Amino acid sequence: MGGKVVPERVRADADGEVVVYLVGMRVNRWRSVRSWLPAFLAMPRMLKELARDPGAGLLGYRLLSGGPRFFTVIQYWESREKLYAYASAPDRQHRPAWAAFNRRARSGKGGVGIWHETYVVPAGAHHTLYDSMPPTGLGAAYGVTTPGRRGARSAPVAVA
């Protein structure tokens, strides 16, 4: 996790609804390169496209590896509507990549597995705490604030 360590206890500055999208793939057969390599290469292209367009709604993401076969991206979005709009837009990277994956999946006989989950967390139903950490997760996506007194709003912490 990169970034400058915030040397105090902070929380994510996410007071409203939070949208968390998890997406991943698993290489089931290494020899089925035509099945898994295009899926593996599609995600970085989508993330770069989203990074160039802040209005698309992606607030932040974290790449995770669960060993040599399993890859996950945790994404934080402004809204479920913006996530779905991106996913269905014919002129963006996702829709053609999804169509190509489905074509390859029919002939690839399970060489790669993919999954996704979308969580819409209502305001007040999430809790965050970071202590001596660089901005991470929701804190990286929304920024961080000092906790302050219980029930009091806190001031944003400048992180560079």
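The values are calculated or read from the model by the stated rules, or taken from the named source; none is laboratory data. Bear in mind the structure is a predicted one, so any value in this text is a computation, not a measurement. Note that each Cβ is placed from the backbone with ideal geometry, even for glycine, and that neighbours are counted across all protein chains shown. Only protein heavy atoms, including side chains, enter the accessible area calculation; ligands, DNA and RNA are left aside. Shrake-Rupley method; radii C 1.70, N 1.55, O 1.52, S 1.80 Å.
Screening segment 1-16 for residues that are surrounded by fewer than 16 Cβ atoms within 10 Å (Cβ to Cβ) and among the charged types (D, E, K, R) and picking the one that is nearest to Gln75 (Cα to Cα) gives Asp15.
For Arg26, the stated conditions do not hold, so it cannot be described as surrounded by 12 or more Cβ atoms within 10 Å (Cβ to Cβ) and touching a Pro at 6+ places or on another chain (Cβ under 6 Å). Tallying residues that are within 21 Å of Pro147 (Cβ to Cβ) and part of a strand (DSSP E or B) within segment 7-21 yields 7. I'd like the residue in segment 86-109 that is surrounded by fewer than 14 Cβ atoms within 10 Å (Cβ to Cβ) and touching a Ser or Thr at 6+ places or on another chain (Cβ under 9 Å) and, out of all such residues, is modelled with the highest pLDDT. Selected residue: Lys109. Residues in segment 44-81 that are charged (D, E, K, R) and closer than 22 Å to Phe101 by Cα were compared, and the one that is least open to solvent (accessible area, probe 1.4 Å) is Glu49.
Only one of the numbered conditions (1) within 24 Å of Val121 (Cβ to Cβ); (2) at pLDDT 95 or above is not met by Lys48, and that is (1). In this structure, Leu41 qualifies as closer than 20 Å to Gly111 by Cα and either open to solvent by 60 Å² or more (accessible area, probe 1.4 Å) or small (Gly, Ala, Ser) (or both). Is there a residue being polar (S, T, N, Q), under 27 Å from Thr146 (Cα atoms) and surrounded by fewer than 13 Cβ atoms within 10 Å (Cβ to Cβ) anywhere in segment 110-133? Yes, segment 110-133 contains at least one residue that is polar (S, T, N, Q), under 27 Å from Thr146 (Cα atoms) and surrounded by fewer than 13 Cβ atoms within 10 Å (Cβ to Cβ).
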